[in-house]
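I have placed the structure first, in the form of structure tokens, so that the comments after it can refer back to it.
The values are calculated or read from the model by the stated rules, or taken from the named source; none is laboratory data. This structure is a prediction, so every number in the text was calculated from the model and none was measured. No Cβ is skipped: glycine too gets one built from the backbone with ideal geometry, and neighbour counts run over all protein chains shown.
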Amino acid sequence: MHPLHGDLVTIVGEGNVIDDPSTLSAYSQSIWNPFPPISPGLIVRPGSTNEVAEVLKLANRSKNPIVTRGGGASLSGYPQTDPGRSIILETRRLNRVLEIDPANMVVRAECGMLMSELEEAVGAQGFFVHTVSVPVRYVTLGGVLSGVSGSGLPPKGARDGTGLHFIMGMKVVLPDGRIINTGAGGSNVNSKADFMRGGSGPDLLGLFMGDGGIFGVKVEATLELSHKPPVRSGGFSYFNDLDSSWKAISKLTLLEPLPFSDVSIYGPGCRLLFYGVDGASQEEVDLHTKRIEKICQEEGGGAAPEDIQSKLNARIDGTSLREESFVKRTRGLVSFISGKKEFPLIHKTLTEFLAAEIRRLGFEGNGLSVVSAITPKKSHSVYASVSVLFDPSKEGAKAATLEIQKAAFKKAVEMGCSLEPHGGYAALMAGDAWSSEFKDTIKGMKALLDPNNILNVGLWGL
Ligand SMILES: Cc1cc2nc3c(=O)[nH]c(=O)nc-3n(C[C@H](O)[C@H](O)[C@H](O)COP(=O)(O)OP(=O)(O)OC[C@H]3O[C@@H](n4cnc5c(N)ncnc54)[C@H](O)[C@@H]3O)c2cc1C
């Protein structure tokens with residue numbers, strides 16, 4: 001039995017400390033990625049901020065490693081720590097909406113909520129909150145704030161940017177059990193929420209965003225709300241190749257005001273450009289749509305062939321992207337951020353590199369394929385993912401994917417991209433590319449907040 005078992009039961013109750021081998025194995029990795037599992041000693045499921053704090057105080061006293069887990073959807077594995085001894089702290093019981101405040105247009109919620117739960121709760125009152133484009137029913141608020149570049153890539157990120165633009169404050173339990181509010185409570189203890197980041201002191205929030213969970217366990221967050229758009233529409237334009245779809249998307253992102261709420265390129269050969277349009281009225285949506293279509297046509301875009309078009313119609317509201325079959329596709333994901341100017345060469349080099357690796361390992365047309373999804377982030381940058389899809393029933397396909405994925409991460413770093421970390425291995429590679437000054441600063445902050453180094457040990461190579 002794990003040495004902390006009894007004490008943890010006292011903190012969270014019998015049913016919330018789990019050590020049966022089948023549950024441990026199910027929690028030890030995401031099944032959709034090719035990375036090896038970790039070997040935790042047990043799982044603890046706290047149900048309140050105070051319980052999280054007590055668990056961390058105990059782990060800190062006994063110097064026992066903790067890995068925080070939200071929905072477990074990371075596609076780059078978990079850091080490998082202390083087999084049999086490390087404890088998974090699972091946040092899913094922290095799943096309450098604490099306050100929807102229509103006067104201030106904010107929502108305060110616990111960080112173990114699934115993004116779909118948050119979306120539905122505010123949606124029922126006519127509001128919209130930025131969540132994620134795809135795995136909305138699998139990922140938690142805390143997982144997205146921690147594990148993705150820019151604290152989340154929301155569906156409307158092409159127009160509005162990454163998640164960190166919409167978070168106003170957080171409550172975080174530090175590795176030694178202290179509880180810190182990044183806005184209110186730090187800058188003004190008499191206020192429940194912070195309404196302007198950095199308004200009355202340094203903006204500490206940024207430290208915890210996209211940190212991979214190394215500085216603390218996020219337990220609450222306050223997010224901006226907006227009204228659901230009265231009219232929403234979308235469409236596709238079909239191009240000859242990536243060169244022309246890229247030209248169109250580049251032009252679209254320079255328009256002011258931006259006519260789209262979301263826009264991306266994907267599909268075989270990157271020939272499909274998808275756009276979503278929001279508006280206060282049908283007239284406004286039609287006007288925006290005309291501007292988008294005009295630019296697409298100028299660059300050679302047109303209607304997709306009929307068989308493709310019917311499949312595409314199902315994608316306009318994003319539902320099919322969020323289906324289990326899409327989310328749980330087995331893949332080695334290489335995702336990165338680059339400048340818009342640098343992007344075409346990077347993407348070309350990376351996809352050619354992947355194709356050559358697949359050929360070299362003998363999997364061309366035989367269990368491995370590559371697919372890209374490209375989304376601008378406002379007018380300045382691009383988020384792109386290039387996935388090696390693998391067929392787990394083909395012998396050696398999973399191992400080959402892992403080898404190729406690792407090599408592609410290295411290549412992307414060499415070309416100057418920022419990797420989207422998700423967690424484990426990609427964070428390790430990203431950390432390897434930090435300058436020594438940057439790494440030393442992060443190490444110093446880690447030592448300050450987590451002197452016994454118990455939380456997500458090894459992430460970023462720390
Ligand atoms: C198919 C697919 C599509 C995706 N598409 C999108 C997308 O459209 N937009 C987007 O934003 N993301 C997307 N993601 C990425 C996903 O949102 C991230 O991997 C996210 O981190 C997963 O959240 P999770 O709750 O499953 O966290 P986990 O996988 O459990 O954890 C991820 C990291 O966050 C840490 N962590 C988790 N919870 C907390 C907490 N409460 N406090 C501190 N640290 C914590 C963990 O220790 C770990 O380092 C996609 C993932 C998949 C599999």
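Results for (1) assigned to a loop (DSSP other than H, G, I, E, B); (2) under 18 Å from the mean Cα position of the chain (by Cα); (3) surrounded by 22 or more Cβ atoms within 10 Å (Cβ to Cβ), shown as yes or no for each residue.
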site: Ser74; (1), (2), (3): yes, yes, yes
site: Gly77; (1), (2), (3): yes, yes, yes
site: Pro83; (1), (2), (3): yes, no, no
site: Arg92; (1), (2), (3): yes, yes, no
site: Glu99; (1), (2), (3): no, no, no
site: Ala103; (1), (2), (3): yes, no, no
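The set of residues in the range 372-410 being touching a residue at least 60 places away in the same chain (Cβ under 8 Å) and surrounded by fewer than 17 Cβ atoms within 10 Å (Cβ to Cβ) consists of Lys378, Ser379, Leu389, Asp391, Pro392, Ala399.
Tyr27 fulfils the conditions (1) closer than 29 Å to Ile180 by Cβ; (2) at pLDDT below 95; (3) surrounded by 22 or more Cβ atoms within 10 Å (Cβ to Cβ) except for a single criterion, (3).
Can you tell me how many residues within the range 67-113 are of a type outside the set (S, T, N, Q) and more than 8 Å from the ligand (Cβ to nearest atom)?
Let us first name the residues in the range 67-113 that are of a type outside the set (S, T, N, Q), namely 67, 69-73, 75, 77-79, 82-85, 87-90, 92-94, 96-103, 105-113.
Then drop every residue that is not more than 8 Å from the ligand (Cβ to nearest atom), which leaves 77, 82-85, 87-90, 92-93, 96-103, 105-110, 113.
Qualifying residue count for the region: 26.
Taking the listed residues Ala221, Ala184, Ala193, the one that is among the small types (Gly, Ala, Ser) and more than 25 Å from the chain's Cα centre (by Cα) is Ala184, with no other qualifying. Looking at the structure I just gave you, is Asn60 under 14 Å from Asp7 (Cβ atoms), more than 12 Å from the ligand (Cβ to nearest atom), assigned to a loop (DSSP other than H, G, I, E, B) and not assigned by TED's automatic domain parsing to the domain that holds Val172? The answer is no for Asn60.
Going by the conditions given, is Gly126 more than 8 Å from the ligand (Cβ to nearest atom) and at positive phi?
Criteria met by Gly126.
What are the residues in the range 362-390 that are at pLDDT below 95 and not in a strand (DSSP E or B), if any? Of everything in the range 362-390, those that are at pLDDT below 95 and not in a strand (DSSP E or B) turn out to be Gly365, Asn366, Gly367, Lys378, Ser379, His380.
If we keep just the residues of the range 202-226 that are at pLDDT below 95 and more than 16 Å from the ligand (Cβ to nearest atom), which is farthest from Val106 (Cα to Cα)? For the range 202-226, the residue satisfying everything is Pro202.
Considering the range 405-425 alone, what residues qualify as being assigned to a helix (DSSP H, G or I) and either within 18 Å of Val327 (Cβ to Cβ) or in contact with a Pro (Cβ under 9 Å, 6 or more places away or on another chain) (or both)? Reasoning before the result, please.
Here is the first cut: in the range 405-425, the ones assigned to a helix (DSSP H, G or I) are 405-414, 424-425.
Correct list: Gln405, Gly424, Tyr425.
Scanning the range 231-276 for residues that are without any contact (Cβ under 8 Å) to a residue 40 or more places away in the chain, among the charged types (D, E, K, R) and crowded, with 18+ Cβ neighbours inside 10 Å yields a total of 1. Within the set Ala193, Ala184, Ala158, the sole residue that is within 22 Å of Phe326 (Cα to Cα) and more than 11 Å from the ligand (Cβ to nearest atom) turns out to be Ala158.
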